[in-house]
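Student: Here's a structure for you.
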There are 2 protein chains.
Amino acid sequence: MPQSSAANSSPSPLVDAQDRFIGLWGDMASSWGVPRTMAEIHAMLFVSGEESNTDEIMARLEISRGNASMTLRTLVEWGIVARRHRRGDRRDYFSAEQDVWKLFATVLRARKRREIDPLLDALRSCSLPSGQSPNATSDATSAHNERIGSMIEMVEALDVLSERLLGPTGPGSDRMESLVRELSEVEP
Amino acid sequence: MPQSSAANSSPSPLVDAQDRFIGLWGDMASSWGVPRTMAEIHAMLFVSGEESNTDEIMARLEISRGNASMTLRTLVEWGIVARRHRRGDRRDYFSAEQDVWKLFATVLRARKRREIDPLLDALRSCSLPSGQSPNATSDATSAHNERIGSMIEMVEALDVLSERLLGPTGPGSDRMESLVRELSEVEP
DNA sequence: CAGTTTTTTCAGAACAGACTGAAAATTGGT
DNA sequence: ACCAATTTTCAGTCTGTTCTGAAAAAACTG
């Protein structure tokens, strides 16, 4: 009987590899400001490729019902996990998008809307009104506005690049992959 | 005497705008997993465009000496802040890179090395050894390897894209800006 | 409609990581 | 070599987040 309590190391090589991936994904997320559990649930659903209900998720990741519930809600809102109802089973089943490019696009789109767009607005409000009357605008003020301006320009340029990646057409399309590969080959 | 204690709101429109920028940068950083102080010190040096010593930084941002010292060390290591010694003054003076594209390139390069490269190694170790003997590899195992494999491929593709952005030639070069703008125009 | 199962919510516990402050180390001057 | 100015270090405190657990709500069943 080579195991003492709960979470173990080698039930099978497959489960073992899955656990490595889940742990890895969780660590990554932490360091990028995303809650660990969020990434772990997603990772579990992604690697297994199967649907799981809340209890299975709670059991495998050893997390509380509340945590699982809240996090699943968010994951579904973000659009990278789907909730499905099964006939004759009261519980909800969850599964993760299997196309990694769609996954990436979804996350990028979300972050863009939630962070980049508001950032641009806020940045613009850091400029100072320049030259109202003739000789008005001081050197210090215009230097300030140039700095903020170049910052804005850069963020806008990256924003345009990301829009290009996400494609002009709404949500769908896996053209993203080929686009990234093309971009990697553009000659300077 | 319209002010009570320490940090105030409107000493001058310029300082006011600077403070907005500093605060904004700090918030951004927090939400991306970078310590607030790190971003605030950098923001202060960037918007002011001037050199400052540790005491000036401590005073303006209302942070401790220890925090300032440690954070400045890190910023200098990252290469986005420079430390300079002035004749006849024992204190060190710090200033921030003013070229926003260089700034971005530096940060991107650092994160790439510190996170992407190790991530790829770790990801590879999440695959399972496949088909040793004839009929060996099970469906589950090969499905697993395909999922991990597609993940790896995507990260590699993005890695190549970032390398392209950073330019084949070492640190320097502000070709990055024009490259980003070009990429934004590539036709699918 | 009462009972049962599943999900949601949220106040507080537990935790992680940032920040402080004072002591130790370093640097420069005389 | 000594003293003064400055920087660095780090143990402990503090702050903000995430997670738990149990109670409330909702959803379904017979």
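Student: Which whole number gives the average count of other chain Cβ atoms within 10 Å of the Cβ atoms across peptide B:122-128? Before the final figure, lay out the partial values.
Tutor: Details: counts 7, 5, 0, 4, 11, 3, 5.
Mean shielding by partner chains, rounded to a whole number: 5.
Student: Oh, and also: Give me A:Glu51, B:Glu115, B:Glu177 sorted ascending by neighbouring Cβ count inside 10 Å, so fewest comes first. Spell out each step's value before the answer.
Tutor: Working: A:Glu51 16, B:Glu115 13, B:Glu177 19.
Fewest-to-most Cβ neighbours within 10 Å comes out as B:Glu115, A:Glu51, B:Glu177.
Student: Separate question: State the extension gain, in nm to one decimal, for the chain segment bounded by A:Ser150 and A:Ser31, taking 0.36 nm per residue of separation less the distance between their alpha-carbons.
Tutor: Values: separation 119, 0.36 × 119 = 42.84 nm, distance 2.84 nm.
My answer for the length gained is 40.0 nm.
Student: Could you quickly flag the chain A residue whose beta carbon comes closest to the rotation axis taking A to B, and that distance in whole angstrom?
Tutor: A:Gly33, 2
Student: Per-residue mean of other chain beta-carbon atoms within 10 angstrom of the beta-carbon, peptide B:90-97? Could the numbers behind the result be given before it?
Tutor: On the way: counts 0, 0, 0, 0, 0, 0, 1, 0.
The per-residue average across the peptide is 0.
Student: Pulled fully out, how much extra length does the chain show between B:Asp139 and B:Ala122, if you take 0.36 nm times their separation in residues and subtract their Cα-Cα distance? Write out the running numbers ahead of the final one.
Tutor: Numbers: separation 17, 0.36 × 17 = 6.12 nm, distance 2.31 nm.
The B:Asp139-B:Ala122 span can extend by a further 3.8 nm.
Student: With point charges of +1 on the Cβ of Lys and Arg and -1 on the Cβ of Asp and Glu, referenced to the Cα centre of the range A:13-96, which listed residue (A:Ile63, A:Phe46, A:Val76) lies farthest in the positive direction of the dipole?
Tutor: Projecting each Cα onto the dipole axis, the largest value belongs to A:Val76.
Student: 222 nm [θ] for chain B, helices only, -39500 (n - 2.57) per DSSP H run of 4+, per residue, to 500?
Tutor: On the way: 8 runs with 111 residues, N = 188.
The helix-only estimate for chain B comes to -19000 deg cm²/dmol at 222 nm.
Student: Under a Cβ-only charge scheme (Lys and Arg +1, Asp and Glu -1), can you give me the dipole magnitude of the range A:13-96 about the Cα centre, in debye to the nearest 20? Working shown, then result.
Tutor: Values: 11 positive and 12 negative charges, 75 e Å.
Dipole of the range A:13-96, to the nearest 20 debye: 360 debye.
Student: A further question on this structure: At what distance in nm do the modelled label points of B:Trp78 and B:Val15 sit from each other, each positioned 7 Å from its Cα along Cα→Cβ?
Tutor: Between B:Trp78 and B:Val15, the simple spin-label model gives 2.6 nm.
Student: How many Cβ atoms of partner chains, on average, are near each residue of B:153-161 if near means within 10 Å of its Cβ? Working shown, then result.
Tutor: Working: counts 4, 8, 2, 0, 10, 4, 1, 5, 10.
For this peptide, the per-residue mean of nearby foreign Cβ atoms is 5.
Student: Set the Förster distance to 25 Å, then compute FRET efficiency between B:Arg86 and B:Val107 from the Cβ-Cβ distance, nearest 0.05.
Tutor: 0.35
Student: How high is the relative contact order of chain A, in percent, with contacts defined as C-alpha pairs under 8 Å that are six or more residues apart?
Tutor: Details: 151 pairs, mean separation 25.5, N = 188.
Rounded, it is 14 percent for chain A.
Where a number appears in this text, it was derived from the coordinates with a stated rule and is not lab data. From a predicted model like this one, the values you see are computed outputs, not experimental measurements. In this analysis, Cβ positions are derived from the backbone assuming ideal geometry, glycine residues included, and neighbour counts consider all displayed protein chains.
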